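K.L.:
Before anything else, here's the structure in question.
The values are calculated or read from the model by the stated rules, or taken from the named source; none is laboratory data. Computed from a predicted model, the values in this text were never measured in an experiment. Positions of Cβ are backbone-derived with ideal geometry, glycine not excepted, and every protein chain shown enters the neighbour counts.
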Ligand code: R5P
């Protein structure tokens, strides 16, 4: 029996692409809000004994979690064989330790919520920093897909004489991999986060790279403060206008505009979160692991 692919609101294009490529059916469901803000879910497709795939990228996760939970539970109640969650961007990975007294470890709590209703998870470059594998916090099978070779290919094709720059030690895993595949030099800077929108970055000697095009690579661009702070230092050091590449462009609030305004050449993201900066298509990567 063919699998069924359900799109959570905003994920229709990716869901359709997945369904067409793996020759699955597109699932039909009504997912909407009641006037009082509560979530209504009704599944219209026949799901009994069928494998179901729920496609939902998890930027702004709080508003997405309940529709996802209700859909998964409803599918199961109607006899679906299993519910697999495809979340190209996986949220709540950064609070992976207690930073201040009184906090909890929300990455663990979120993982346990998702593991409680989905049977499997497929995601792209989750922010695994202090945790080295998804199985440390998720109790369901997780497939982690890396976008590094697509980013390397983009750089090789579009940017001449690149110098890859990771804004902090956490980005080293991504930037080193991308640099290796793009056959380009890379440096990693030191970052100190002082608050949600306050980061300090130190830049090492970059004089010998003055003729290179700086390419900032990070997994997430959220407030863009990390990128902006780095760009400002590169400008002070007399470097060319950089290209900023994020795997996941979350762009909280005015982040995109703020980044554009600080004198960069370009912002490029993968389409793990729909945004007009999406120039790197991760659809085929996902399909490869589902198919
Ligand atoms: C954290 O270490 C991540 O790798 C990113 O550097 C971070 O999430 C970027 O956040 P923002 O855009 O808010 O500075």
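K.L.:
Pick from 13, 59, 19: which is outside any loop (DSSP other than H, G, I, E, B) and surrounded by 15 or more Cβ atoms within 10 Å (Cβ to Cβ)? Can you show your working first?
P.N.:
On the way: 13 fails: surrounded by 15 or more Cβ atoms within 10 Å (Cβ to Cβ); 59 fails: outside any loop (DSSP other than H, G, I, E, B).
Unique residue meeting the criteria: 19.
Let's see how each residue does on (1) closer than 30 Å to residue 1 by Cα; (2) surrounded by 21 or more Cβ atoms within 10 Å (Cβ to Cβ); (3) in contact with a helix residue (DSSP H, G or I) (Cβ under 8 Å, 6 or more places away or on another chain):
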{"residue": "80", "(1), (2), (3)": "yes, yes, no"}
{"residue": "97", "(1), (2), (3)": "no, no, no"}
{"residue": "115", "(1), (2), (3)": "yes, no, no"}
{"residue": "128", "(1), (2), (3)": "no, no, yes"}
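K.L.:
Does at least one position in segment 186-205 carry a residue that is more than 16 Å from the ligand (Cβ to nearest atom) and either free of Cβ contacts under 8 Å to residues at least 12 places away in the same chain or in the same structural domain as residue 83 (by TED's automatic domain parsing) (or both)?
P.N.:
Looking for residues that are more than 16 Å from the ligand (Cβ to nearest atom) and either free of Cβ contacts under 8 Å to residues at least 12 places away in the same chain or in the same structural domain as residue 83 (by TED's automatic domain parsing) (or both), one finds at least one in segment 186-205, hence yes.
K.L.:
I'd like to verify a number: residues in segment 134-163 that are outside any helix (DSSP H, G or I), touching a strand residue (DSSP E or B) at 6+ places or on another chain (Cβ under 8 Å) and within 30 Å of residue 80 (Cβ to Cβ), how many? Lay out the reasoning, then the answer.
P.N.:
To start, the set of residues in segment 134-163 that are outside any helix (DSSP H, G or I) comprises 137-147, 159-163.
Remaining after also requiring touching a strand residue (DSSP E or B) at 6+ places or on another chain (Cβ under 8 Å): 138, 140-147, 159-163.
Now restrict to residues that are within 30 Å of residue 80 (Cβ to Cβ): 138, 140-147.
Residues meeting the conditions: 9.
K.L.:
Now for a separate question. Restricting attention to segment 163-170, does a residue exist that is in the same structural domain as residue 240 (by TED's automatic domain parsing), closer than 24 Å to residue 195 by Cβ and surrounded by fewer than 16 Cβ atoms within 10 Å (Cβ to Cβ)? Quick ask: steps written out before the conclusion?
P.N.:
Of the residues in segment 163-170, the ones in the same structural domain as residue 240 (by TED's automatic domain parsing) are 163-170.
In the following step, the residues that additionally are closer than 24 Å to residue 195 by Cβ were identified as 165-170.
Narrowing the set further to residues that are surrounded by fewer than 16 Cβ atoms within 10 Å (Cβ to Cβ) leaves 169.
There is at least one residue in segment 163-170 that is in the same structural domain as residue 240 (by TED's automatic domain parsing), closer than 24 Å to residue 195 by Cβ and surrounded by fewer than 16 Cβ atoms within 10 Å (Cβ to Cβ).
K.L.:
Right, something else. If a residue has to be at positive phi and more than 13 Å from the ligand (Cβ to nearest atom) to count, how many in segment 245-265 make the cut? I'd like the intermediate steps shown before the answer.
P.N.:
Of all residues in segment 245-265, those at positive phi come to 251, 253, 263.
Now drop any that are not more than 13 Å from the ligand (Cβ to nearest atom), which leaves 263.
The total comes to 1.
K.L.:
Ok, one more. Which count do you get for residues in segment 216-241 that are within 15 Å of the ligand (Cβ to nearest atom) and not in a helix (DSSP H, G or I)? Even if it seems obvious, please write down each step before you answer.
P.N.:
Applying the first criterion (within 15 Å of the ligand (Cβ to nearest atom)) to segment 216-241 yields 216-233.
Checking which are not in a helix (DSSP H, G or I) leaves us with 216-224.
Here the count works out to 9.
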